[in-house]
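Colleague: I'd like to ask you about the structure that follows.
The values are calculated or read from the model by the stated rules, or taken from the named source; none is laboratory data. Just so it is clear, the structure is predicted and the values come from calculations on it, not from any experiment. All Cβ positions, glycine included, derive from the backbone under ideal geometry; neighbour counts span all protein chains shown.
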Amino acid sequence: MACDVAPPDVIAAAGCWILDHTGVNLTILHDEFDRRRFVSGIGMTIWLSVVSLFFSLIIGVVGAWAQGSDYKWIRRLINGFIVVFRNTPPLVQIFFFYFGISTLLPSVEDDVGMRQPLFSNIQWAIFSLSLFAGAFNIEIFRSGIEAVPNSTKEAAAALGYTRLGTYLHIVLPLAIRVCLPALNNNLVNLLKTTSLAYAIAVPELLYASKNIWTDAQNVPTMMVVLLLTYVALVGVLVWAMNAWERSMAIPGFGQGRGR
Amino acid sequence: MAAAPAPAAPAWTPDEPIIRVTDVHKSFGSFEVLKGMSMDVRKGEAICIIGPSGSGKSTLIRCMNALVDITKGSITVENQEVNDPNLDKLKLRRKVGMVFQQYNLFPHKTALQNVMMAPINVLKQDKKEVEERARKLIAKVRLTGKENSYPGELSGGQQQRVAIARSLAMRPDIMLFDEVTAALDPETVKEVLVTIRELAEEGMTCILVTHEMKFARDVADHIYFTDKGVIVEHAPPEEFFDNPKDERTKTFLGQIL
């Protein structure tokens, strides 16, 4: 097998050395095309995670607030949403949107005159994953909101705060601290669930890896690489969440460890 | 039918009662807590409401800043009807501050931030000006040096004094105190009462629900005794404590003094 690389490319050289000495074929190191596919796969997984995470948090915060609404139908709507998205597998949700809803929407003409669906597979993946994680976030935020004593909200009311003002300035900051560990779990889950976007051909980490192992015939090697890459990605997320948790700790409140 | 704008309340003048409670009834479900209470409070007065547990005294003062809606009757604060569905609650609560038994400070904010929050968030006042005032209030309740402590790092008495400063930051005309020393140990009760006494002496209109009889006797201008949802008897403190008229008052005072 030809494994010649230009001297300044240290990573490729390492890949070649491993191949020559152990027979382990890490094309993502010494093959430039595979390396690019793999890195862009990681990039897409991070992009899906970050954007879905952002929208799922917004859905969680707004949904949890609406759940306490005075209007029965708003509460029912939110609860219905939670039931649908919690009681169905995320892969089925992704298919539902991409193959179900997407085909019902009008298509648009692109630059070269081809008919294209209104939303791309990446957009549907983000949409679907945000709703999936958002449904759980609503329930997680609700548990945090319910942990804020009524007497604290009453004190805010007595100071002239409206319901929205109380929610934004007092309830939410306290609720987030209470529900951070649960939120942490759900966001880890969301990152891992982005791999389901594979099924609608979103070129994320799993999809890129599959393309690589089909071409290079290094299935077991890529499996290990894939596993370790997810371990590292989730590791970074957990580290960031823990740092956030620590920075939010209040002396004398809950598990606060001081400043 | 469109809601008609509330008729403008007649302008209040300081020679009228600042709070006027007229035949107030309140029921929670089928249980009637207040069975027709009436009282007038004048500006600058310190009023103590005493009585056995469950007599409705806390409910009464919670009605005064619309934390609890009344079922029947009327409460006016500076001639503004509190029992009005179109009531501007913010306007009312700017005038009426309240301190609670359990302090209810915001645990995620420091003592200073607790005092500053409502004027900034609710009244949209200038942060620098509010901070200056908040520091003075912290000094007033004798907590200089504790500005940056979180509620969880303060004792009960200290927290309660921050809560008083927090209410005062809204510059209320009237302060309601709902059994504010009931959760404190005997030594710290004193430091809170000193603060309230100073306020009363400065001319703040104070309405206190309390079990501190000695304090009531020293500080109050007028004492109301409630039992089972009615005001049994009310009188200036000397008369109330030395010469109670009603049997129920005598029994109550006999039990606690």
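Colleague: Where residues in segment B:41-68 are assigned to a loop (DSSP other than H, G, I, E, B) and within 14 Å of chain A (Cβ to nearest Cβ), which of them is farthest from A:Tyr161 (Cα to Cα)?
Modeller: Here the residue is B:Val68.
Colleague: Would a scan of segment B:69-76 turn up a residue that is at negative phi, assigned to a loop (DSSP other than H, G, I, E, B) and buried (at least 19 other Cβ atoms within 10 Å of the Cβ)?
Modeller: Scanning segment B:69-76 turns up at least one residue that is at negative phi, assigned to a loop (DSSP other than H, G, I, E, B) and buried (at least 19 other Cβ atoms within 10 Å of the Cβ).
Colleague: Moving on to the next point. Which ones in segment A:205-217 are surrounded by fewer than 19 Cβ atoms within 10 Å (Cβ to Cβ) and either touching a residue at least 12 places away in the same chain (Cβ under 8 Å) or not in a helix (DSSP H, G or I) (or both)?
Modeller: Those that are surrounded by fewer than 19 Cβ atoms within 10 Å (Cβ to Cβ) and either touching a residue at least 12 places away in the same chain (Cβ under 8 Å) or not in a helix (DSSP H, G or I) (or both): A:Lys210, A:Asn211, A:Asp215, A:Ala216, A:Gln217.
Colleague: Let me ask you something else. Tell me the residue from B:Ala163, B:Ala134, B:Ala111 that is within 9 Å of another protein chain (Cβ to nearest Cβ) and at pLDDT 95 or above, please.
Modeller: B:Ala163
Colleague: With B:Thr188, B:Thr195, B:Thr210 as the choices, which residue is closer than 25 Å to B:Ile19 by Cβ, polar (S, T, N, Q) and in contact with a Ser or Thr (Cβ under 8 Å, 6 or more places away or on another chain)?
Modeller: Matching residue, one of B:Thr188, B:Thr195, B:Thr210: B:Thr210.
Colleague: Of (1) under 15 Å from the mean Cα position of the chain (by Cα); (2) surrounded by 16 or more Cβ atoms within 10 Å (Cβ to Cβ); (3) assigned to a helix (DSSP H, G or I), A:Val202 satisfies all except one. Which?
Modeller: Unmet for A:Val202, out of (1) under 15 Å from the mean Cα position of the chain (by Cα); (2) surrounded by 16 or more Cβ atoms within 10 Å (Cβ to Cβ); (3) assigned to a helix (DSSP H, G or I): (3).
Colleague: Of A:Thr193, A:Thr166, which residue is assigned to a helix (DSSP H, G or I), away from chain B (no Cβ under 14 Å) and of a type outside the set (Phe, Trp, Tyr)?
Modeller: A:Thr193
Colleague: Among the candidates A:Thr194, A:Thr221, which residue alone is at pLDDT 95 or above, in the same structural domain as A:Phe99 (by TED's automatic domain parsing) and surrounded by 18 or more Cβ atoms within 10 Å (Cβ to Cβ)? Walk me through how you get there before you give the answer.
Modeller: Working: A:Thr221 fails: at pLDDT 95 or above.
Going through A:Thr194, A:Thr221 in turn, just one is at pLDDT 95 or above, in the same structural domain as A:Phe99 (by TED's automatic domain parsing) and surrounded by 18 or more Cβ atoms within 10 Å (Cβ to Cβ): A:Thr194.
Colleague: Just the residues that are surrounded by 12 or more Cβ atoms within 10 Å (Cβ to Cβ) and not aliphatic (A, V, I, L, M), please, taken from segment A:101-115.
Modeller: A:Ser102, A:Ser107
Colleague: Checking the condition at the interface with another protein chain (Cβ under 10 Å from one of its Cβ atoms), of a type outside the set (Val, Ile, Thr) and either over 27 Å from B:Glu78 (Cβ atoms) or surrounded by 20 or more Cβ atoms within 10 Å (Cβ to Cβ) (or both), which residue from B:Met116, B:Met175, B:Met98 passes?
Modeller: B:Met98
Colleague: Can you find, within segment B:77-95, the residue that is farthest from the other protein chains (Cβ to nearest Cβ) among those that are touching a strand residue (DSSP E or B) at 6+ places or on another chain (Cβ under 7 Å) and in a strand (DSSP E or B)?
Modeller: Among those that are touching a strand residue (DSSP E or B) at 6+ places or on another chain (Cβ under 7 Å) and in a strand (DSSP E or B), it is B:Glu81.
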